[in-house]
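Below: the structure, in structure tokens.
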Amino acid sequence: MSAAPRSGVAGSRWWSWLAGRGAVIALPYAWLLVFFLLPFLIVFKISISEMENVSFKDLLVWSDGVLQLTVKLSNYLFILQDDLYFRTYVASVKYAAVTTAICLAIGYPFAYFMARAPKAWQPALLMLVMLPFWTSFLLRVYAWKGLLSEGGWVAEILTALGVDRLLLAGGLIASEGNFMNTPFSLVLGMVYTYLPFMILPLYSNLSKMDLRLLEAATDLGATPAVAFWTVTVPLSKAGIIAGSMLVFIPCIGEFVIPELLGGPQTLMIGRVLWDEFFSNNDWPMAASVAVVMVLLILVPLALFNHYQAQAQEGGR
């Protein structure tokens with residue numbers, strides 16, 4: 001007599017647990033569907049549509065009992081054939097990669113120092129990293145225009161130290177004392193802007209590391225440098241990859257910094273998108289450039305997800 005009610009209670013609990021788990025999983029997927037997949041599909045539809053003045057032709061047309069599908073792929077073929085787009089994509093990836101490497105070189109020691117600092121200091125150090133976010137991104141980039149322009153104190157210090165001659169020899173500036181609208185000013189602005197995005201994941205990873213592993217390496221005869229490269233760096237690989245993705249991905253599509261601090265030598269895909277949308281008023285072409293850029297960004301994301309899956313399997 002009591003078996004049926006017990007099985008009914010167990011079934012209801014199982015259903016409640018399954019429904020709760022389904023809701024938790026469904027919410028992120030619904031968010032991605034509404035705010036990423038649907039807008040991406042709209043942009044993709046525009047990229048393969050024919051534009052008529054301010055409207056777009058329908059892809060599917062029913063006429064005389066015949067369903068016609070009209071897809072315009074000439075924009076993608078033009079991107080593959082035109083050298084300008086290829087050079088722009090390559091330049092975007094190059095500047096993003098250089099920015100990521102510099103942010104890692106600066107951010108790793110800073111994150112390591114934060115993680116090893118006394119507990120009482122860490123909140124203050126964390127606040128210093130996040131302090132730039134209290135000011136508008138646009139204002140901070142504009143500030144660098146004044147600092148690097150002729151008469152700016154940063155430009156004067158670099159000139160007095162002879163840094164401009166080194167940058168000129170490396171092809172990073174056009175002439176001595178001229179730092180603005182150059183690859184140097186572009187990379188400097190992006191490093192300054194995205195450095196916190198590298199430091200925070202690294203600090204989160206390094207602060208959780210078991211220090212007893214370093215003690216064990218020292219007891220086995222490892223020097224501090226050897227222990228760092230064989231223990232600390234491998235254990236912080238997840239933070240390195242996460243920080244690199246947080247810097248590399250937004251740098252590829254950056255528009256504001258190349259527009260304000262870059263120049264003709266630093267043409268990036270964000271500027272090309274702007275020109276196609278608002279100068280040429282060619283929305284299908286601009287949408288095609290955007291689709292290719294998104295696909296370009298999905299490659300490092302897929303590699304990151306693959307590495308995370310491998311790390312989780314190895315942790316088990």
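Just so it is clear, none of the values below were taken in a lab; they were calculated from the coordinates. What you are looking at is a predicted structure, and each value in this text was computed from that prediction instead of being measured. Cβ coordinates were reconstructed from backbone atoms using ideal geometry, including for glycine residues, and neighbour counts include every protein chain displayed.
The table that follows gives values for the structure above.
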item	result
Highest-first arrangement of 212-225, 55-68, 101-114, where packing means the average Cβ count within 10 Å	101-114, 212-225, 55-68
Span-rule helices in the chain, defined as complete DSSP H runs reaching 15 Å or more along the axis (Cα) with Kyte mean at least -0.5	3-32, 83-116, 137-148, 183-206, 237-252, 283-315
Answer label, with Cα extents along the principal axes in Å calculated from the coordinates and candidates [x] 60, 45, 36; [y] 85, 67, 35; [z] 62, 46, 44	[y]
Relative contact order, percent, the chain [alpha-carbon distance under 8 Å, six or more residues apart]	24
For peptides 41-51, 89-99, sequence by mean Cβ density within 10 Å, most packed first	89-99, 41-51
